[in-house]
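Contents: one structure, followed by commentary.
The values are calculated or read from the model by the stated rules, or taken from the named source; none is laboratory data. Here the structure is a predicted model, which means the values were calculated and not measured. FYI the Cβ positions are ideal-geometry reconstructions off the backbone, even for glycines, and counts take in every protein chain you see.
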Amino acid sequence: MQAFTYSNPATVADAARAAAAGARPIAGGQSLLPSMKLGLAAPEALADLGSIADLKGITVANGVVRIGAMTTHAAVAASADVQRAIPALAQLAGNIGDRQVRNRGTLGGSLANNDPAACYPAAVLGLGATVHTSRRDIAADDFFQGIYATALAEDELITAVSFPIPEQAGWQKFKQPASRFSLVGVFVSRGPKGVRVAVTGAGAGGVFRVEGLEDRLAASWSAAALNGATVPADGLNSDLHGSAEYRAALIPVLAARAVG
């Protein structure tokens with residue numbers, strides 16, 4: 001790992017200034033630090049977001065669960081408020097990686113990195129959440145723009161995410177047993193943003209919605225509504241863990257299980 005300078009900004013404004021000056025923001029470090037150790041990333045400066053109190057915490061009000069960007073996966077999973085309002089979101093957070101990852105990794109860090117097999121992007125897209133940044137609010141449908149690509153500018157920081165509380169929601173993950181990333185993960189919801197089905201791990205372009213399954217569930221919110229449903233394999237990942245056809249077959253199965 002090459003040498004780099006390190007700063008510990010105390011406010012969002014300070015962190016944004018550091019990023020504008022060329023520093024790479026670091027949240028939990030669960031993706032960036034391994035990349036640096038492997039020589040895949042070599043930032044000359046890091047700005048640690050861990051001391052910014054305004055980026056942490058969970059609130060529930062007016063039909064929305066708002067979670068600060070630096071809130072850890074473990075904190076989301078353990079939150080009684082999240083467990084009551086959106087149990088599927090607490091379940092998702094509680095099954096990310098292992099205990100060490102959950103106690104260091106953060107919501108904002110996961111979304112800014114936008115790994116194509118990460119879990120949180122499916123929840124954000126599947127619930128129609130809003131990503132709040134140091135500059136603006138971004139709808140979930142506009143935020144994810146491909147593998148490791150988002151709508152964020154280089155000096156723009158995620159500050160929080162607002163999740164509308166759904167009437168019903170579910171999450172199912174078919175994980176790679178070593179990395180615990182999703183080979184296929186499916187988040188479904190019915191609520192203020194309509195019926196949504198979001199898939200992670202399967203798409204060559206990252207997280208995506210499946211309109212055909214949404215239409216079936218809008219007509220009848222039941223696992224039976226997905227009987228016989230198919231998803232095209234075109235554009236899906238194919239690797240040593242599973243072919244595109246295998247992933248395509250998993251999507252409606254996991255969606256039906258998520259509906260319950």
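Conditions (1) hydrophobic (A, V, I, L, M, F, W, C); (2) outside any loop (DSSP other than H, G, I, E, B); (3) modelled with pLDDT of 95 or more; (4) in the same structural domain as residue 149 (by TED's automatic domain parsing), marked per residue:
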| site | (1), (2), (3), (4) |
| --- | --- |
| 188 | yes, yes, yes, yes |
| 197 | yes, yes, yes, yes |
| 213 | yes, yes, yes, yes |
| 217 | yes, yes, yes, yes |
| 228 | no, no, yes, yes |
| 247 | no, yes, yes, yes |
| 251 | yes, yes, yes, yes |
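Can you tell me which residue among 235, 260 is surrounded by fewer than 16 Cβ atoms within 10 Å (Cβ to Cβ) and either at pLDDT 95 or above or closer than 26 Å to residue 89 by Cα (or both)?
Matching residue, one of 235, 260: 260.
Whether any residue in the stretch 26-47 is over 22 Å from residue 102 (Cα atoms), in the same structural domain as residue 157 (by TED's automatic domain parsing) and hydrophobic (A, V, I, L, M, F, W, C) is what I want to check.
no
Given 208, 181, 187, 174, which one is within 23 Å of residue 59 (Cβ to Cβ), surrounded by 15 or more Cβ atoms within 10 Å (Cβ to Cβ) and of a type outside the set (A, V, I, L, M)?
Within the list 208, 181, 187, 174, the selection yields 187.
Tell me whether the stretch 102-124 contains one or more residues that are touching a helix residue (DSSP H, G or I) at 6+ places or on another chain (Cβ under 7 Å), part of a helix (DSSP H, G or I), surrounded by fewer than 20 Cβ atoms within 10 Å (Cβ to Cβ) and not aromatic (Phe, Trp, Tyr).
Yes; the residues of the stretch 102-124 include at least one that is touching a helix residue (DSSP H, G or I) at 6+ places or on another chain (Cβ under 7 Å), part of a helix (DSSP H, G or I), surrounded by fewer than 20 Cβ atoms within 10 Å (Cβ to Cβ) and not aromatic (Phe, Trp, Tyr).
For the condition surrounded by fewer than 20 Cβ atoms within 10 Å (Cβ to Cβ), touching a residue at least 60 places away in the same chain (Cβ under 8 Å), within 18 Å of residue 187 (Cβ to Cβ) and of a type in the set (A, V, I, L, M), what is the one hit in 161, 64?
After ruling out the rest, the residue left standing is 64.
Every residue in the stretch 67-90 that is more than 20 Å from residue 192 (Cβ to Cβ) and either out of contact with any helix residue (DSSP H, G or I) (no Cβ under 7 Å at 6 or more places or on another chain) or exposed (fewer than 14 other Cβ atoms within 10 Å of the Cβ) (or both), please.
75, 78, 80
Could you list all residues from the stretch 85-101 that are in a helix (DSSP H, G or I), in contact (Cβ under 8 Å) with a residue 12 or more places away in the chain and out of contact with any strand residue (DSSP E or B) (no Cβ under 6 Å at 6 or more places or on another chain)?
87, 89, 90, 93, 94, 99, 101
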